[in-house]
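The values are calculated or read from the model by the stated rules, or taken from the named source; none is laboratory data. This one's a predicted model, so the numbers in the text were calculated from it and none came from an experiment. Don't worry about glycine lacking a Cβ; one is built from the backbone with ideal geometry, like all the others, and counts go over all protein chains shown.
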Amino acid sequence: MTARGPAGRSAAARPVASPSGWVWHVRCAPGRRFPGEPGAWDRDRRVRIVRLSGKPDREGSGARDRERVRETEQSGNGTVPASRFREVRVLYELTEAVARAVDLEEIYELALDGLTEALEVDRASLLLFDPDGVSRFKAWRGLSAEYRAAVEGHSPWPRDARDPQPVLAPDVANAPSLGEMRTAILREGIRALAFIPLVYNGQLLGKFMVYYDEPHVFTDDEVRLARTVASHIAFAIGRKRAEERLRASEEAQAFLAEAGEVLSSTLDARAALRDVARLVVRSFADWCIVYVIEEDGLAHRVAGEHRDPAAQPVLEEYMAHPAAMEPGSPITEVLRSGESRLLSTVDDAVLRAVAGDDPAQVARLRKLGLESGILVPMVARGRTLGSFTLVSTRPGRRYTETDLRVAEDLARRAAFAVDNARLYQEALLANQAKSDFLAVMSHELRTPLTAIMGYAELIRNGVLGEVNEKQAWHLERLLVSARHLLQLIDEILVFTRAEAGREQVRSERVDLANVVNEVGRRIEPLAREKGLEFIVHVPEEPVLIELDRGKVRQVLMSLLSNAVKFTSRGVVELNAELEDGQAVFRVRDTGPGIRPEHIEDIFDPFWQAEQATTRTQGGAGLGLSLARRLARLLGGDITVESTLGEGSTFTVRVPTRRAA
């Protein structure tokens with residue numbers, strides 16, 4: 001809002017909220033100062049504070065703070081203590097700056113700037129609890145590395161303190177409560193200090209510390225101001241952490257989704273794991289190694305990636321040496337137990353355990369960097385298939401339980417991918433064994449069957465003596481059954497060759513009618529035996545084309561045999577013609593028809609509408625599957641239209657061209 005200032009000039013009043021429970025109202029005027037008008041300038045000298053007021057915010061988190069602030073209003077000849085203006089200006093600028101801060105590190109630095117200016121201290125620091133509950137330096141002013149190492153980890157309050165209060169040491173030399181730290185503090189030249197708690201939503205986040213080089217008696221105003229600044233910063237840290245958790249959650253979900261796509265894109269497990277390793281170092285780790293337990297029962301490194309291309313050769317050199325799998329090794333324990341392990345920090349003992357006490361490997365690990373790590377097993381169907389080792393090399397990026405859950409999710413997805421790839425390979429091997437068995441069996445059966453058919457034909461033709469009508473009839477039945485068995489054997493042989501990719505196309509010059517009539521002559525006796533009408537339609541004029549006679553014949557034999565087999569009465573019809581450069585064959589029957597949900601199933605190997613114990617028809621269940629495979633091998637396809645209870649029509653289209 002706006003208000004009228006001296007001499008009628010306008011001024012803007014803006015509220016500045018304090019997490020400690022106060023709302024400051026700062027009324028500002030344009031930057032020009034007029035004679036007789038006191039006031040404080042903001043940092044960039046664009047705005048001048050001309051009126052300050054504060055009141056408790058009874059709806060905010062600090063409503064229980066009952067301190068009173070006396071409203072101070074400037075008049076033309078009034079005076080306001082410079083310290084109060086400095087205090088409010090610092091809070092105002094700190095609130096504005098923190099609101100614009102991009103990340104937590106910037107907030108830490110802004111906090112120390114505000115604190116050192118507001119309290120006019122010689123030095124300051126900010127420490128926060130890490131995931132293990134240890135107080136760690138995040139920012140500091142004027143403190144040596146030796147001092148920080150000596151006092152880091154100390155906190156005057158327990159992590160779960162409900163209402164921590166400031167701890168003051170106006171004279172370090174006479175403050176035995178500081179314990180063993182007092183020597184390090186005095187050696188640093190610090191003579192007075194204060195611990196100011198950082199509390200957000202009732203949770204202790206860490207502390208501010210302010211230091212003086214001379215003994216210093218802390219006033220109530222100084223403590224109040226320090227707590228107000230601490231409340232501002234704790235609120236900003238808590239809010240920024242919540243934002244970062246949300247962003248990290250969104251990034252983790254995007255990372256896992258992308259990893260899932262990579263893992264499901266191929267059945268080559270090693271290739272997928274290498275791609276995932278590259279994805280991991282792009283967004284989740286500085287380097288990683290993937291282990292897979294192979295058929296020999298040993299864990300082998302199958303992928304390793306480093307974020308820094310310059311460090312990749314070191315990683316590859318490390319991976320070239322056998323993995324340390326002695327008892328007690330972190331990797332060994334994860335693979336043995338199937339349980340994850342989070343290494344928030346990594347010391348020399350862990351380095352030696354990972355490297356198997358090999359000095360050269362320890363040196364390589366140090367070159368790679370190893371500040372924090374996660375080891376997660378890949379487990380599927382109760383079996384440990386391998387593991388991921390994920391490493392952070394940055395001291396400021398230590399893995400947490402949240403990171404562990406993301407890594408475990410990644411490992412689960414990878415385990416399913418590895419397991420599926422292995423099952424697929426096992427299925428391929430089993431299928432190949434089946435095909436090999438069928439091929440051998442078919443060859444072994446075909447030889448004696450051919451001999452049986454030959455001798456039967458000799459007897460029927462009277463070579464061994466005169467055959468009467470009854471004997472001839474029985475011999476014909478024998479030959480029909482033998483031919484049917486031979487067709488099944490041929491189907492199996494062709495099926496195994498086609499499945500192995502060994503079937504070849506051999507085109508020749510043929511007359512379309514001749515091919516159809518040849519098949520018709522073999523099917524007609526079967527149809528007549530069942531009392532079916534068998535009709536063949538072919539072009540009246542010769543149609544000379546080029547195609548693979550043998551494969552087309554086998555396709556038509558499979559379709560017609562199937563039609564005769566499942567049609568109990570009515571008609572089986574074969575129609576052949578040339579349409580738009582394609583040889584088109586239609587096989588129609590008046591059989592039982594096919595249910596819509598089974599239209600595609602009938603082309604699966606060994607599938608039949610009547611399964612297992614309910615089957616009344618013979619056959620291997622390969623005919624339609626083989627017919628479609630051969631049609632597609634010839635560059636065509638088979639489609640089917642069917643009405644349940646009325647019959648079906650199978651259409652074969654095969655590309656061809658007229659023969660010269």
Scan segment 220-234 and report the pairs whose first residue is β-branched (Val, Ile, Thr) and whose second residue is outside any helix (DSSP H, G or I), with Cβ atoms within less than 7 Å and a gap of 6+ or a chain change.
-> Val223/Pro166; Thr228/Ser18; Thr228/Ser20; Ile233/Leu198
Select, from Pro395, Pro377, the only residue that is surrounded by 17 or more Cβ atoms within 10 Å (Cβ to Cβ) and outside any helix (DSSP H, G or I).
-> Pro377
Some residue of segment 580-592 being among the aromatic types (Phe, Trp, Tyr) and either at pLDDT below 90 or assigned to a loop (DSSP other than H, G, I, E, B) (or both) = no
Residues of segment 630-651 that turn out to be under 25 Å from Ile492 (Cβ atoms) and outside any strand (DSSP E or B), as a count = 7
Any pair with Cβ under 6 angstrom, 6 or more apart, that starts in segment 568-582 at a residue that is more than 11 Å from Ala513 (Cα to Cα) and ends at one that is acidic (Asp, Glu) and not in a loop (DSSP other than H, G, I, E, B) = Val571/Glu533; Val572/Asp589
Please work out which residue is modelled with the lowest pLDDT, limiting yourself to segment 119-141 and to residues that are in contact with a Ser or Thr (Cβ under 9 Å, 6 or more places away or on another chain) and over 26 Å from Ser372 (Cβ atoms).
-> Asp122
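Please state which one of Arg148, Arg182, Arg162, Arg224 is in contact with a Phe, Trp or Tyr (Cβ under 9 Å, 6 or more places away or on another chain) and of a type in the set (D, E, K, R). Write out each step before concluding.
Working: Arg182 fails: in contact with a Phe, Trp or Tyr (Cβ under 9 Å, 6 or more places away or on another chain); Arg162 fails: in contact with a Phe, Trp or Tyr (Cβ under 9 Å, 6 or more places away or on another chain); Arg224 fails: in contact with a Phe, Trp or Tyr (Cβ under 9 Å, 6 or more places away or on another chain).
Residue meeting the stated conditions: Arg148.
Just give me the residues in segment 111-155 being of a type in the set (D, E, K, R) and either in contact (Cβ under 8 Å) with a residue 12 or more places away in the chain or in a helix (DSSP H, G or I) (or both), in sequence order.
Of all residues in segment 111-155, those of a type in the set (D, E, K, R) come to 113, 117, 120, 122-123, 130, 132, 136, 138, 141, 146, 148, 152.
Answer for segment 111-155, where residues must be of a type in the set (D, E, K, R) and either in contact (Cβ under 8 Å) with a residue 12 or more places away in the chain or in a helix (DSSP H, G or I) (or both): Asp113, Glu117, Asp122, Arg123, Asp130, Asp132, Arg136, Lys138, Arg141, Glu146, Arg148, Glu152.
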Restricting attention to segment 135-184, which residues are crowded, with 17+ Cβ neighbours inside 10 Å, over 26 Å from Arg397 (Cα atoms) and of a type outside the set (Gly, Ala, Ser)?
-> Pro164, Pro166, Val167, Leu168, Val172, Leu178, Arg182
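Among the candidates Ala242, Ala230, single out the residue that is over 17 Å from Leu168 (Cα atoms) and out of contact with any helix residue (DSSP H, G or I) (no Cβ under 7 Å at 6 or more places or on another chain). Reasoning before the result, please.
Numbers: Ala230 fails: over 17 Å from Leu168 (Cα atoms).
Just one listed residue meets the conditions, Ala242.
A quick yes/no check of all residues on (1) outside any helix (DSSP H, G or I); (2) surrounded by fewer than 17 Cβ atoms within 10 Å (Cβ to Cβ); (3) under 44 Å from the mean Cα position of the chain (by Cα):
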site: Leu204; (1), (2), (3): yes, no, yes
site: His216; (1), (2), (3): yes, no, no
site: Val223; (1), (2), (3): no, yes, no
site: Leu246; (1), (2), (3): no, yes, yes
site: Ala257; (1), (2), (3): no, yes, yes
Within segment 129-155, how many residues are of a type in the set (S, T, N, Q) and under 21 Å from Ile233 (Cα atoms)?
-> 2
hydroxyl-bearing (Ser, Thr, Tyr) and surrounded by fewer than 17 Cβ atoms within 10 Å (Cβ to Cβ): does that describe Ser264?
-> yes
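Out of Phe388, Phe495, which single residue is over 29 Å from Arg301 (Cβ atoms), of a type in the set (Phe, Trp, Tyr) and not assigned by TED's automatic domain parsing to the domain that holds Ala627?
Details: Phe388 fails: over 29 Å from Arg301 (Cβ atoms).
The unique qualifying residue is Phe495.
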Selection over segment 229-286 where residues are over 30 Å from Leu110 (Cα atoms) and out of contact with any Ser or Thr (no Cβ under 7 Å at 6 or more places or on another chain) yields a count of 28
Check Leu279 against each of (1) more than 25 Å from Ala421 (Cβ to Cβ); (2) crowded, with 17+ Cβ neighbours inside 10 Å and name the one condition it does not meet.
-> (1)
By residue number, the members of segment 285-298 that are buried (at least 22 other Cβ atoms within 10 Å of the Cβ) and either hydrophobic (A, V, I, L, M, F, W, C) or over 18 Å from Ala380 (Cα atoms) (or both) are Ala285, Asp286, Trp287, Cys288, Ile289, Val290
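Might you check whether a residue that is modelled with pLDDT under 85 and more than 30 Å from Val334 (Cα to Cα) occurs anywhere in segment 456-473?
Of the residues in segment 456-473, the ones modelled with pLDDT under 85 are 464.
Applying the additional criterion that residues be more than 30 Å from Val334 (Cα to Cα) yields 464.
There is at least one residue in segment 456-473 that is modelled with pLDDT under 85 and more than 30 Å from Val334 (Cα to Cα).
From His300, His306, His321, which residue is in the same structural domain as Arg422 (by TED's automatic domain parsing) and either in contact with a His (Cβ under 6 Å, 6 or more places away or on another chain) or modelled with pLDDT of 90 or more (or both)?
Values: His300 fails: either in contact with a His (Cβ under 6 Å, 6 or more places away or on another chain) or modelled with pLDDT of 90 or more (or both); His321 fails: either in contact with a His (Cβ under 6 Å, 6 or more places away or on another chain) or modelled with pLDDT of 90 or more (or both).
Result of the check over His300, His306, His321: His306.
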Show the residue pairs that are 6+ apart or on different chains and have beta-carbon atoms under 7 Å apart, the first residue being within segment 332-353 and at positive phi and touching a residue at least 40 places away in the same chain (Cβ under 8 Å), the second being part of a strand (DSSP E or B) and of a type outside the set (D, E, K, R).
-> Gly338/Pro377; Gly338/Val379; Gly338/Thr384
Evaluate segment 421-428: report whether one residue or more is surrounded by fewer than 16 Cβ atoms within 10 Å (Cβ to Cβ), out of contact with any helix residue (DSSP H, G or I) (no Cβ under 7 Å at 6 or more places or on another chain) and more than 30 Å from Val280 (Cα to Cα).
-> yes
